[in-house]
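Below is one structure, written out as structure tokens; comments come after it.
The values are calculated or read from the model by the stated rules, or taken from the named source; none is laboratory data. What you see is a predicted model, and the numbers here were worked out from it, not measured in a lab. Neighbour counts run over all protein chains shown; Cβ positions are idealised from the backbone, glycine included.
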Amino acid sequence: MNKWHIVVDLEKCVGCYNCLMACKDEFVDNDWPPYTRKQQKHDDKWINPVRHERGCAPRTDVCFVTKLCQHCENAPCAKAAPGAVTKRPDGVVLLDVYKAKGNPDLVKACPFGAIQWNEELKVAQKCTMCAHLLDGGWQEPRCVQACPIRALSVVNCSDEDWEALSNRENLESLYPGSHRPKVRYKNLYRYNKCFIAGAAAYDDHGTETAATNARATIKKDGVMLETMYVDFLGEFKFDKLPPDSGVYTIEVDMPGFKKAVQEVELGKDSPDIGVMMLERD
Amino acid sequence: MRDIREVINKAILGGTLFALDKVLNALAAVAPGFKEELRKKNVTVQMKLRDNSHGQWLEFRDGVVTGKMGIYEADVEMIFENLEVANNVATIFRDQMEFVNAAKTGSLVLNGPDDAAMWFSALLLKFFAADVLYYKNYGAKMGSGVTRYVTGTNGGPVFVYVKNDKIIRVTPVEFDKDDPAPWTITAKGRKFSPPRRMTATPYALGWKSMVYSPNRVLYPMKRVDFDPNGERNYQNRGISGYERISWEEALDIVSREIVRVRREHGPGAIFHSSGSHHTWGNIGYYLSGTKRFFDCLGATNVALNPDSWEGFAWGAMHHYGGSARYGGCEPYSTVEDCMQNATMIVFWSSDPESTAGVYAAQEGTVRRQWIKDLGMKVVHIDPYYNATAAFVGGRWIAPRPATDAAMAIAIANVWMNEGTYDKDYVAKRTFGFDKWEDYVLGRTDGVPKTPEWQEPITGVPARTVRALAQEWARNKTYLACGGITSFGSAGRTAYGTEWARAMVCLNFMQGVGKPGTNFGGLQYGTPLDTRFWFPGYADGGFSGDYMSTGAGVSLYNRMPQSPAVNSETQLIPRLRIPEAIMDKKAESNHLGVYSVASQFSKVQYPAPGHEPVKMYYKYGGSHIGTQPASNRFAQMYRCDSLEIVVNQAIWMEGETKFADIILPACTNFERWDIGEASSSGGYIEKAYLQNNWRVIFIQHKCIEPLGESKSDFEIFQAIANKLGLWQVFSEGNSEYDWVKRYFEATDLPKKISWHKLLKKGYYVVPPLPEDRRDPLAFNWFAEDRKKDTPELTPLPSEFYGQYGYGLQTPSGKFEFEAQTLKRFDANDKDRLPICTYIPSWEGREAKDLYEKYPLQMISPHAKYSFHTMGDGKDSNINDIEEHRIKVDGYYYWIFRMNPRDAAARKLKRGDLVEVFNDRGSVVCYLELTERVPAGIVHSYESSANYDPLGEPGHSTDRGGCVNNLTPSRFITKNAHGLAVNSCLVEVRKWDGKVKYIGDLRADSY
């Protein structure tokens, strides 16, 4: 049977929070038995984009990582609280409204923080993937429908096709583990990888000038990882580097100039190594 | 439902109303709502021919109508000229135009006391609209008792799902199979089409929470210590609480005060201003009913400033015209041209991803994705790494606030030195280039304005500016200055005029209007059908005001209505409202739309022969929070110059609580209207060209008004009734009647019937075939052809040579040396005939001030609210953690700072901080971010929550109105524009000690 999946593309997310607004609109003040009771007005967020920054001004990179129930195939919550969790054949993971009532321990059943405690109604709750709407013929849950260019998108497919799609599009799990999420992330490097940025310039008769014809190369342990021409401001950026991955060598060369070399140790941040001045041969 | 239709049809087929008693009783028997209406009045009516040859006498008593033939005494008389008119009465009542014509020619006369005549006339109109008004035969039935309605918001149109008179959800509009196919742009070997749906902003999707906000004003209220017949206690405005009063009492007080104030203090003693952007609709919004109401009274109006595009209005306009758009430029077909012919886009102070251009939801987002798909080179110039930059990517350059003009002039310097501009175009199509060149190259003052010159001013390395200038010239480049075109926070800085001027000067050096060189960043200028006629909200609605709305160029020939004009000429400049009230004196320049030179005229308050205003009637969004040095407004309200303050408000926003009488208005989810997605018309003509689709919609009355709130229309009508103005205000038509009348005036009836529109809710105008798309903006100018883009402006008198040829400048060319400025004052150092860099009075160059307050604050338009609309009010928007953050149960406004500045002050993320200067003190939540360089701080403008911790106007605010801190000085001396993004502040950890703010007056000019 086909199952519901959600792809979150970090490069298409504009941080508008329409997903959160749509979710609140659907669940605050609306009861959808037997799927879920209503959400608390302010204190619950079943879906929430979280801003993530890399680098420093003016080489800043900003993205949003949208967090929601991962509707796991091997749902940790189902293992922790077997009776209270329903895994539907279409893949949607639901909490049993009655068994979740008065059961704050259920919140701990999700290692990713997707289950929340509704203090007003004394019930554990989470994203239902708008199953009440999907069952009524809707093609998308509210968060997806409200997303301007479908940075959130639904995929209704078999387990095999989901795995194939994940491989093809390099969809990643937000959290490590064997939970097999039905929510996966595209372009997650914006969140879990680092970059090294810098600029190349030379002295043109007393004027510091962007070396716009330069080529920059990044090496690790003497092995070239990537090489690129600098951009129109004479600047470069090597991305998708694992954090805390040790020392890299950046080389910049331009015809008529000596090669400039700089070493960088990559920690958790994405450094801007500044201007590398090229000297004439 | 069928029986209702039958009753009405029978009445119409009968061809006469001389059997009215029977049909009215018949309808009442099947429609309980109509029965209710009948019960409202006990009255007798005589309907007759003028010569008394035929007559029917009706008695309405306790909901039952009895009638007899003949002529008798009656409360109300309805007189028909002859039998023909009487026999046509059904047509007359179904077609409001016929009705108005019959009334105007005297062939249909209504006599009697206002209330009875008005009731009877309205009853007949309701009779013919019974299936809609009483049987709610509109909207799409979704099953399970759910109906899907449509309404408009300033963040896109929405579907509204309603069950049992309660809104259950609000979603973006998605199209069905009957709606048209999209347009396609073929560019660089690829085809691009928008998805078949509309988008919405977060504040549009938050509307349900705003309709049901606990901050809704649900009943008429009176300040507890305000006694219109005794002690008024002005000083307690903003402090004392409110008591609920009846509508009757509220209307009595307001109408009696209107009469008293005018009698005692003369015309103009009533002052009215609107805060814009709180609701949507062409009938019920501020340039329609509100305009007509105050025109009926005659009232001192506010002189507006274009507060999103000051720099273009007061600066750029002198170089290239565009007065009808307050200095904005035409957008036609630029999306297609940019995608096909340009290879680079420079976004300069341009963040459409946050501002939605204006009104345009997330419509431009997909086109910004196409920028990425096409691999175009992109630069973002803004002190803040804005949302557009974060999404589109490319390179970010962050000049210090109010120094952008220096950077732009240095770019011109590179082009002049390297000869990399369109010399042929400059020679043929521009004027006065040599004068500007003399300045830029330093021939006049010995200072060449090189990239090295600008580096210490802007903080941007010379190497970067030179490389940018070279790449810009190497490419076909589009310049997006501002989120739409010609907007931008940089135009709201000290001398932001010079930035806007520099923008047009740079772009015209490269040949604006030639393929691939123009204004815009794909936000504005989509290939939609501009021929289909449906006006925008600023085109006047039913205001009848042909002079001060867009009606004069747009509506007058399509929806004739009795004209209205404000006989009162006194104005108060919006940026000087507090001074006008407190000092009884104010002055500014006055921006007109008809000509460029009109902006040299002055507004003088008070006008000759006038007493200062005594009544302030406020409607719409809040000035507190949106206007610079907002504390001034709180101080103003608490002085005794204003004898009465009325606020017609939906919510208890920051400013509402300063009123004496609060009149509860409903949202546009609770009343009828009609409109188009992001179509303002008027000052931003064809603003819908920001959309991927032209979507025109009925705005259903989705639910009954909450509490005792009423639509703005009904409130104005109720006051008008008290003053004997009922027909004058509305021509006897209800809001619903006007909506229908408006529909009939437009091109809609050619494409969709009224009943189908009522059901479906919207109509999508099919895009034109590719070979009929609009000509490219300014291409006619580049090629020296007659203007062929689809707009009627400039006015004929603003062409100085052949009509239709050239720009709206004296030479008809682009003027690097602006002759209008030269003629006005060639030596105005604040605004010379050529564009120059002028250091800010409130920036790093203002030494003493900068030492005291070393952080430069910018407060651009908010991303998650539309000014105050959407913010506060306990709405869902509060939960967006980029908008507000809850600390100890209170939602604080966010203030953004570079981690280095925070470290220097021993501050950390999450601290509650006091942001302060001499004008104010505001408590905010501190967010640390690399989206601003050190030395610059950022917080959005327009908190709706003004929460002074001590005396209002004189104390620390924890609501988050950072506009308490901004300067009220004009952008340049001879203008009326704000410069809020030149603002120096200091920040410290909030110690809980409320700061005292002294008396505030406008900063000198």
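Kindly indicate whether any position in region A:195-207 is out of contact with any Gly (no Cβ under 8 Å at 6 or more places or on another chain), surrounded by 16 or more Cβ atoms within 10 Å (Cβ to Cβ) and either within 14 Å of chain B (Cβ to nearest Cβ) or not hydrophobic (A, V, I, L, M, F, W, C) (or both). Working first, answer last.
Going through region A:195-207, the residues out of contact with any Gly (no Cβ under 8 Å at 6 or more places or on another chain) turn out to be A:196, A:202-207.
From the residues that got through so far, the ones that are surrounded by 16 or more Cβ atoms within 10 Å (Cβ to Cβ) too are A:196, A:202.
Keeping just the survivors that are either within 14 Å of chain B (Cβ to nearest Cβ) or not hydrophobic (A, V, I, L, M, F, W, C) (or both) gives A:202.
Yes: one or more hits.
May I ask you to verify whether B:Lys993 is of a type in the set (D, E, K, R) and either under 27 Å from B:Ala402 (Cα atoms) or crowded, with 24+ Cβ neighbours inside 10 Å (or both)? I'd like the intermediate steps shown before the answer.
Numbers: of a type in the set (D, E, K, R): yes; either under 27 Å from B:Ala402 (Cα atoms) or crowded, with 24+ Cβ neighbours inside 10 Å (or both): no.
Answer is no for this residue.
Just give me the residues in region B:208-251 being within 14 Å of another protein chain (Cβ to nearest Cβ) and of a type in the set (A, V, I, L, M, F, W, C), in sequence order.
Passing the criteria: B:Met210, B:Val211.
Give me the helices (runs of 4 or more DSSP H) completely within region B:417-525, filtered to those with at least 2 residues that are within 14 Å of another protein chain (Cβ to nearest Cβ) and not polar (S, T, N, Q), ordered by residue number.
By residue number, B:451-458, B:462-474.
Does at least one position in region A:147-160 carry a residue that is over 20 Å from A:Lys99 (Cα atoms), free of Cβ contacts under 8 Å to residues at least 24 places away in the same chain, in a helix (DSSP H, G or I) and assigned by TED's automatic domain parsing to the domain that holds A:Asp25? Show your work before the answer.
From region A:147-160, those over 20 Å from A:Lys99 (Cα atoms) are A:147-160; that's our starting set.
Keeping just the survivors that are free of Cβ contacts under 8 Å to residues at least 24 places away in the same chain gives A:160.
Imposing the further condition that a residue be in a helix (DSSP H, G or I) reduces the set to A:160.
When the remaining residues are screened for being assigned by TED's automatic domain parsing to the domain that holds A:Asp25, the result is A:160.
Yes; the residues of region A:147-160 include at least one that is over 20 Å from A:Lys99 (Cα atoms), free of Cβ contacts under 8 Å to residues at least 24 places away in the same chain, in a helix (DSSP H, G or I) and assigned by TED's automatic domain parsing to the domain that holds A:Asp25.
Spot the failing condition for B:Phe391; the list is (1) free of Cβ contacts under 8 Å to residues at least 40 places away in the same chain; (2) on the phi > 0 side of the Ramachandran plot; (3) crowded, with 24+ Cβ neighbours inside 10 Å, and only one is missed.
(2)
Got a sec? Which strands (runs of 3 or more DSSP E) wholly within region B:828-910 have at least 2 residues that are in contact with a Leu (Cβ under 9 Å, 6 or more places away or on another chain) and within 14 Å of chain A (Cβ to nearest Cβ)?
Where strands (runs of 3 or more DSSP E) fall fully within region B:828-910 and carry at least 2 residues being in contact with a Leu (Cβ under 9 Å, 6 or more places away or on another chain) and within 14 Å of chain A (Cβ to nearest Cβ), they are B:890-897.
Somewhere in region A:220-237, is a residue surrounded by 13 or more Cβ atoms within 10 Å (Cβ to Cβ), of a type in the set (Lys, Arg) and within 14 Å of chain B (Cβ to nearest Cβ)?
Taking every residue of region A:220-237 in turn, at least one turns out to be surrounded by 13 or more Cβ atoms within 10 Å (Cβ to Cβ), of a type in the set (Lys, Arg) and within 14 Å of chain B (Cβ to nearest Cβ).
Could you say which residue among A:Thr217, A:Thr207 is more than 23 Å from B:Trp370 (Cα to Cα), in contact with an Asp or Glu (Cβ under 7 Å, 6 or more places away or on another chain) and among the hydroxyl-bearing types (Ser, Thr, Tyr)?
A:Thr217
Within region B:402-416, track down each residue that is out of contact with any Leu (no Cβ under 7 Å at 6 or more places or on another chain) and either among the hydroxyl-bearing types (Ser, Thr, Tyr) or within 14 Å of chain A (Cβ to nearest Cβ) (or both).
B:Thr403, B:Met407, B:Ala410, B:Val414, listed by residue number.
Yes/no per residue for (1) over 31 Å from the mean Cα position of the chain (by Cα); (2) more than 30 Å from B:Cys329 (Cα to Cα); (3) modelled with pLDDT of 95 or more:
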residue	(1), (2), (3)
B:Gly806	no, no, yes
B:Arg823	yes, no, yes
B:Ser859	no, no, yes
B:Ile885	no, yes, yes
B:Trp893	no, yes, yes
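Given region B:916-1005, what strands (runs of 3 or more DSSP E) lie entirely inside it while holding 2 or more residues that are within 14 Å of chain A (Cβ to nearest Cβ) and on the phi < 0 side of the Ramachandran plot?
B:920-928, B:936-938
Please enumerate the residues belonging to region B:371-401 that are assigned to a helix (DSSP H, G or I) and at the interface with chain A (Cβ under 10 Å from one of its Cβ atoms).
Listed by number, the residues that qualify are B:Lys372, B:Ala387, B:Thr388, B:Ala389, B:Ala390, B:Phe391, B:Val392.
State all residues of region B:458-493 that are over 22 Å from B:Glu336 (Cβ atoms) and hydrophobic (A, V, I, L, M, F, W, C); if no residue qualifies, say none.
B:Val460, B:Ala462, B:Val465, B:Ala467, B:Leu468, B:Ala469, B:Ala473, B:Ala490
Just wondering, is there one or more residues in region B:178-198 that are within 14 Å of another protein chain (Cβ to nearest Cβ), hydrophobic (A, V, I, L, M, F, W, C) and in a loop (DSSP other than H, G, I, E, B)?
yes
Please tell me if A:Val65 is crowded, with 20+ Cβ neighbours inside 10 Å, at pLDDT 95 or above and β-branched (Val, Ile, Thr). Talk me through it step by step, then tell me what you get.
Working: crowded, with 20+ Cβ neighbours inside 10 Å: no; at pLDDT 95 or above: yes; β-branched (Val, Ile, Thr): yes.
Answer is no for this residue.
Restricting attention to region B:701-718, which residues are outside any helix (DSSP H, G or I) and under 21 Å from the mean Cα position of the chain (by Cα)?
Passing the criteria: only B:Ser711.
Picking from A:Asn192, A:Asn187, which residue would you name as being more than 30 Å from B:Glu452 (Cα to Cα) and within 14 Å of chain B (Cβ to nearest Cβ)?
The unique qualifying residue is A:Asn187.
So, restricting to strands (runs of 3 or more DSSP E) that lie completely within region A:1-90, which ones have at least 2 residues that are more than 24 Å from B:Ala387 (Cα to Cα) and either hydroxyl-bearing (Ser, Thr, Tyr) or more than 8 Å from chain B (Cβ to nearest Cβ) (or both)?
Fully inside region A:1-90 and qualifying: A:3-9, A:85-87.
Given the options A:Leu106, A:Leu121, name the one that is within 18 Å of A:Asp44 (Cα to Cα), away from chain B (no Cβ under 14 Å) and outside any helix (DSSP H, G or I).
A:Leu121
Tell me the residue from B:Asp871, B:Asp879 that is more than 20 Å from B:Arg931 (Cα to Cα), in contact with a Ser or Thr (Cβ under 7 Å, 6 or more places away or on another chain) and either buried (at least 20 other Cβ atoms within 10 Å of the Cβ) or not assigned by TED's automatic domain parsing to the domain that holds B:Tyr940 (or both), please.
B:Asp871
Conditions (1) assigned to a loop (DSSP other than H, G, I, E, B); (2) under 19 Å from A:Gln70 (Cβ atoms); (3) within 14 Å of chain B (Cβ to nearest Cβ), marked per residue:
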site: A:Leu94; (1), (2), (3): no, yes, no
site: A:Glu140; (1), (2), (3): yes, yes, yes
site: A:Glu163; (1), (2), (3): no, yes, no
site: A:Ser178; (1), (2), (3): yes, yes, no
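In contact (Cβ under 8 Å) with a residue 40 or more places away in the chain, surrounded by 15 or more Cβ atoms within 10 Å (Cβ to Cβ), assigned to a strand (DSSP E or B) and within 14 Å of chain B (Cβ to nearest Cβ) - does that describe any residue in region A:242-265?
No: region A:242-265 contains no residue that is in contact (Cβ under 8 Å) with a residue 40 or more places away in the chain, surrounded by 15 or more Cβ atoms within 10 Å (Cβ to Cβ), assigned to a strand (DSSP E or B) and within 14 Å of chain B (Cβ to nearest Cβ).
Just to be sure before I move on: is B:Val150 in contact with a strand residue (DSSP E or B) (Cβ under 8 Å, 6 or more places away or on another chain), modelled with pLDDT of 90 or more and crowded, with 21+ Cβ neighbours inside 10 Å in the structure I sent? Spell out the reasoning first.
On the way: in contact with a strand residue (DSSP E or B) (Cβ under 8 Å, 6 or more places away or on another chain): yes; modelled with pLDDT of 90 or more: yes; crowded, with 21+ Cβ neighbours inside 10 Å: yes.
So B:Val150 passes the test.
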